[in-house]
Amino acid sequence: MSERSVTTYTMWSLFRNCRKAAQWRYVLDLVPLERDRNLAFGSLAHECLEIWHRTRDLAAALDHVDRACANRAQHEEQRKTWHLATAMLRGYAARYATEPFEVVALEKKFEGEIVNPATGAASRSFVLQGKVDGIVRIGNDHFLLEHKTASVLDSSYLERLWTDFQITLYAYYVEQALGIKIAGVLYNVLVKARLQQSAGETEMEFEARRAELIAKSKSGKSSAQRRMPESDADFQARLAEKYAEPAMFHRETLYLSREQFDTLRAELWELTQAYLDARRRGVFYQNTSYCFQYGRPCPYFALCRSGGSTNVIENFYEKVPPHQELAAAETAESVPF
Ligand code: SF4
């Protein structure tokens, strides 16, 4: 098994969406120097939730946020992350002080064969590895626990959970590897509050506002006070109020169909064959309709636009071994901005 390459669903999904992106990431090992902020926040939230569900110790989870955002006094992005993660965790611990499930495993890794559905033979080139956020038991049924941080939680977000094929496939592999029948997925959705800490007014801004008020006032006077920056404590209080709202957390249970397992396993096999072919020929096609898929440019946009310029690679990318998501959550000590 050690001769074969480790792969993940993330890799196969990227290859399916844009072969060129898979080449940049999984053949050439390139990642952008500047990490996506949403991904960084999502990773931190996952780490904290793992600590919380493992220990039920809110102080330990908050301490993890403090350490991850150790430079928040000087670094504005870290300060924003710290505020959001801290308030979110406090709200979460209050909302789910007791749980309807029993935790069976957390951050559980698995490895399984990728099988040719026509012959039943395992791939000689690849194995699949993955990690699930958790496995929980409700009554006699087991569910995968999947954490999601969302900017907006609406009906279309919940509808889209159905297209989360990764977790369906992982359920199959967890069943094979651990011998636990998985009934479905419990999506644990945490909404990112959009509140901003008020920066207050500069002296000039205040004078301009005051002059305007005076001009409108019959008395020719104004008692307006300069708005001062919002303190960390005041902002946390405002965030705590937000996170006391029921809509900031949501749990959704989806039941898995066995037919979906077969379809996804067959698709996975097809992807391995297409990948081997692309690698053999050294041809990874671009899918330009995917460049702005999530309302922002693909992380490899600069690279594709420059035709793979070495200058762009040297200045904006670094080489990082693939499948970092399989590394232990505890290894991430700081939020890279
Ligand atoms: S920029 Fe577009 S073509 Fe290039 S890797 Fe990304 S999605 Fe593919």
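Quick notes on this structure:
- Yes/no for TYR255 being within 13 Å of the ligand (Cβ to nearest atom) and either modelled with pLDDT under 95 or of a type outside the set (S, T, N, Q) (or both): no
- Residues that are surrounded by fewer than 20 Cβ atoms within 10 Å (Cβ to Cβ), in a helix (DSSP H, G or I) and within 16 Å of the ligand (Cβ to nearest atom) within the range 26-41 comprise VAL27, LEU39, listed in sequence order.
- Index of the failed condition, GLU267 passing every other in (1) modelled with pLDDT of 95 or more; (2) surrounded by 14 or more Cβ atoms within 10 Å (Cβ to Cβ); (3) of a type in the set (D, E, K, R): (1)
- Residue within the range 317-327 that is within 16 Å of the ligand (Cβ to nearest atom), in contact (Cβ under 8 Å) with a residue 40 or more places away in the chain and either assigned to a loop (DSSP other than H, G, I, E, B) or not small (Gly, Ala, Ser) (or both) present: yes
- Qualifying positions in the range 277-303 - more than 8 Å from the ligand (Cβ to nearest atom) and closer than 15 Å to ARG19 by Cβ: ASP277, ALA278, ARG279, ARG280, ARG281, GLY282, VAL283, PHE284, TYR285, SER289
- If you go through the range 201-226 and keep only what is of a type in the set (Ser, Thr, Tyr) and surrounded by 12 or more Cβ atoms within 10 Å (Cβ to Cβ), you end up with SER217, SER222.
- Test: residue in the range 304-311 that is within 12 Å of the ligand (Cβ to nearest atom), surrounded by 17 or more Cβ atoms within 10 Å (Cβ to Cβ) and over 24 Å from the mean Cα position of the chain (by Cα): yes
- Test: residue in the range 124-133 that is at pLDDT 95 or above, among the aromatic types (Phe, Trp, Tyr), assigned to a strand (DSSP E or B) and within 23 Å of PHE15 (Cβ to Cβ): yes
The values are calculated or read from the model by the stated rules, or taken from the named source; none is laboratory data. If you're wondering where the values come from, they're calculated on a predicted model, not measured in any experiment. Reconstructed Cβ throughout: ideal geometry from the backbone, glycine too, with neighbour counts over all protein chains shown.
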